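Worksheet: the structure to be examined is printed underneath.
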Amino acid sequence: MFPFPQHDSPKIFIMQSCNGLLLCCTKHNPFTFNEDYYIFNPTTQQFITLPKPGGDVIGMSLAFDPRKSPHYKVICLRISELEPENQIEIYSSETKKWRVSGPSFPKRYDISFRHGLVYWNGAIYVSCNKRFNLEQEQFEEFPMPNCFDGQEWDKENHRIVYFGESYGHLHLIQVRSQKLTSYNIYEMKNDGTEWFLKYEVNVEDVVLAYPRIIRRYLEQTDFHYCAMVVVNVVRGEKEEDTFLVLHIPEMAILRYNLADKSFHMLCDFDSGQNKGILEEFDELAVCLHFHSSSTYQYIESTYYW
């Protein structure tokens, strides 16, 4: 349970996990910008309510790296007074104040600050080729990874199925429609200049073990043909300890080891006991369809306010 104040029973959403802290949001009215934002430490159960920025909020993102600073920052994308433009504001836990960052700029469909944001190496990554540099306080673009099959990148034949950070490493996973069980895992260079191919893995053995994954009513080249989702890439202290977390909707959460290609179940949703629960609570069954942008890392943190 979250310890936040319950005003009119709003829904609580986790927006982002960043090195032990969670950025959370409660929405009071789906038709307004009336939202409250919180920074929550699930280890200590402490939280603070962020003060309101200077305009209607489109989205926020959290930047926290305890190895570099004991303070965190929150980056807010809001509607500018010069509507229809947008504006960036930055909140610092050190000053406990918002400040405007840079001039306003035209609205962009590819920058929303709502879901799937990743903080890594001093920047907020809003997509696989765009980031907000916190030191320079400006947006930057960088190349998409080269397609592993030698083809030109296009959304029809290639898709990013995972984008996230693990223990100081930034990853994305790319698949192509002709081979949905082949995952090519890319890593960003430490200087943030380009992606390189780190791992290649074929998860056909998981499909053989769980044949219900296949949606036979779809074409084999449809990206939804294989109902399996990459929830996380977890880097270990050693290369052989790195693994994928895979979700099979309504069935299981698996750990897939990249070194020896073995896998085992972490959580079983398909047991008789869970089946009874799912039949009684349809909403829970819907919740068991996870994807990478709705799962969040839990990291113990001693951060205190």
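On the basis of being small (Gly, Ala, Ser), open to solvent by 10 Å² or more (accessible area, probe 1.4 Å) and farther than 21 Å from Leu21 by Cα, does Ser69 make the cut?
Numbers: small (Gly, Ala, Ser): yes; open to solvent by 10 Å² or more (accessible area, probe 1.4 Å): yes; farther than 21 Å from Leu21 by Cα: no.
In short, no.
For the stretch 130-140, check the following and say yes or no: at least one residue is farther than 24 Å from Ser294 by Cβ, at pLDDT 95 or above and open to solvent by less than 10 Å² (accessible area, probe 1.4 Å).
No: the stretch 130-140 contains no residue that is farther than 24 Å from Ser294 by Cβ, at pLDDT 95 or above and open to solvent by less than 10 Å² (accessible area, probe 1.4 Å).
Scan the stretch 233-261 residue by residue and report those that are surrounded by fewer than 18 Cβ atoms within 10 Å (Cβ to Cβ) and closer than 18 Å to Leu180 by Cα.
Pro249, Lys261
Are there any pairs, at least 6 apart or on different chains, whose C-beta atoms fall under 9 Å, with the first in the stretch 50-70 and farther than 23 Å from Glu81 by Cα and the second modelled with pLDDT of 90 or more and acidic (Asp, Glu), and if so, which?
Close Cβ pairs (under 9 Å, with a partner that is modelled with pLDDT of 90 or more and acidic (Asp, Glu)) amount to Ser69/Glu94; Pro70/Glu94.
Which of the numbered conditions does Ile90 fail, given that it passes all the others? Conditions: (1) out of contact with any Pro (no Cβ under 9 Å at 6 or more places or on another chain); (2) open to solvent by 10 Å² or more (accessible area, probe 1.4 Å); (3) modelled with pLDDT of 95 or more.
Here Ile90 meets the rest and fails (2).
What is the one condition in (1) at pLDDT 95 or above; (2) over 21 Å from Phe139 (Cβ atoms) that Asn34 does not satisfy?
Result: Asn34 fails condition (1) only.
The values are calculated or read from the model by the stated rules, or taken from the named source; none is laboratory data. Quick caveat, the model's predicted, so the values are computed rather than measured. When we count neighbours, we look across all protein chains shown, and the Cβ atoms used for this are built from the backbone with ideal geometry, even at glycine. With ligands, DNA and RNA removed, areas are computed over all heavy atoms of the protein, side chains included. Shrake-Rupley method; radii C 1.70, N 1.55, O 1.52, S 1.80 Å.
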